[in-house]
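One structure below.
All of the numbers you see were taken from the coordinates with simple rules; none came from a lab. Owing to the predicted nature of the structure, the values given are computational and were not obtained by experimental measurement. All Cβ positions, glycine included, derive from the backbone under ideal geometry; neighbour counts span all protein chains shown.
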Amino acid sequence: MEIKNKQYKDQMRHILSLPTVSIVTGGRAGSDFLQSIYDSHPEVLTFNGWFQFHELFWDDSVCNKVENINLYDLIDEFIGKLIYKLKSRYDLQEKKDKLGVNNDEFIDIDICQFRKHFIGLMQGCNINSKNVLTAITASYSLCIGQDLTSKKIVLHHPHLSGFLESHIKDFPNTKLIYMVRDPRANIVSGYENYSKYYPDQATSGLLNAYLRSVLAEDIRLIRATKLGYRIIRVEDLDKKHVYLGICEWLGVSYNETMTVSTWAGLLWHGDRLTQNKVNGLSRDVLKNNWQKKLSGSDKYVISHLTYNMRMHYHYDEENIKTNYFIVFFLCFAPLSYEVDLIFGYMSRNKQVKGIPKMLYNLYCYFERVNFFLKLFFNPVVFDVCDVVIRDKE
């Protein structure tokens, strides 16, 4: 027993000494995709998918509210609240109930072993959010047969920039990876897919949230952290020399496990709303026909407002030559999604926050116009600090 206890202490000491890297994104820009290619990497310690630890568990934990926290109760509470992270047959949204070559496998963590590893790793450690998250991640890794002593980095996935504040308090020196996508494709994918998940939330407010996130807010929030960061285009996540660039920055070696997208070593075919199902990695999953779904005026104004971004990220498809004065007036023109939301038949019969949905969408339209005008007069500027690890010319 003493040998086992020492082994756990040595493993935890090693993991806590490792540098951390955190993935964030806006819209649907492939952050899960990136994490999944490091899922089986022997030098990378990571958990099962995006995980806002504070918001999903720690801050609302009842076990965390008492003076003397009982570790057994705490881990049982975690298992009860987030069983789908350990038994992926319940993770329907991410389609982790249909993993493997034949779509008939799922992650099935031994709960008793998971609990045992967690208690062992936490012995002698302060019970705080950083240590608990680290022990949970390491316990998961042990349960799927990985060697903790070979790990060189810990890869976290807080997912959205809005969750960075609580995450950075635990890991103040973490590096950041910001995943991007062609902003026009990102807007279409983000809004349409979220609307399919949560149809009652398909409003102009949702559209505005995606527009702000994709067009301006996220990169500004990333910069404001003052942390080291790199930008990666999801469109480049099938290129070996891009992987080599990422690995060099992360401080790990390239590994052939990165040629397929997996969770706990099981092949992943994309989430429930991935339109083009493929095995492994392919940029075909990114096709969403944004060129036809956005109207001509949509593309005109969005292309102008994202010009600096697209040139810096090298998104030059349909690089429309715009006129400054025309764009100003088009900022006031309803976007194609807004027309459907404001005047659509269904919007007249429902309410949002106690007011008719059509009126709510109309209010959000004026908010969107205000945002576009601010972006028009104060565009996002990119410089050499915004390093993109990308495909070669």
Give, in nm to one decimal, the length gained when the segment between LEU92 and THR322 is fully stretched (0.36 nm per residue of separation minus the Cα-Cα distance).
-> 78.5 nm
Which entries in the list LYS287/LYS374; LYS9/LYS169; LYS9/LYS240; LYS151/LYS239; LYS95/LYS196; LYS6/LYS152 go over 26 Å, if you measure between the two C-alpha atoms of each?
-> LYS287/LYS374; LYS9/LYS240
At 10 °C and 1.306 mPa s, grab the translational diffusion coefficient of the range 78-157 from Stokes-Einstein with a Kirkwood Rh over Cα pairs, rounded to a whole number in µm² per second.
-> 115 µm²/s
Average projection area in nm² (convex hull over Cα atoms of the chain, one quarter of hull surface) = 20.7 nm²
Among LYS96, LYS240, LYS226, which one shows the biggest mean-square fluctuation in a GNM of the chain, springs joining Cα atoms closer than 10 Å?
-> LYS226
Considering the options TYR360, PHE332, TYR313, tell which one lies farthest towards the positive end of the dipole of the range 290-381, charges being +1 on Lys and Arg and -1 on Asp and Glu at the Cβ, about the Cα centre.
-> TYR360
Most fluctuating residue of MET179, MET311, MET12 in a GNM of the chain with Cα springs under 10 Å: which is it?
-> MET311
Here the relative contact order (percent) of the chain, from C-alpha pairs under 8 Å and at least 6 apart, is 23 percent
Give the dimensionless ratio obtained when the Cα radius of gyration of the range 150-274 is divided by 2.2 N^0.38 Å.
-> 1.18
Dipole of the chain, positive end: most advanced residue of GLY30, LEU267, GLY251 [Cβ charges, Cα centre] | GLY30
What angle do you read, to the nearest 10 degrees and between 0 and 90, between the alpha-carbon axis of helix 296-305 and the longest principal axis of the chain?
-> 60 degrees
Scan the chain and hand back the longest stretch that contains none of the chymotrypsin sites (Phe, Trp or Tyr not before Pro) lying in DSSP loops with at most 13 other Cβ atoms within 10 Å.
-> 1-331
With springs only between Cα atoms under 10 Å apart, run a GNM on the chain and tell me which of GLU94, GLU217, GLU248 wobbles the most.
-> GLU248
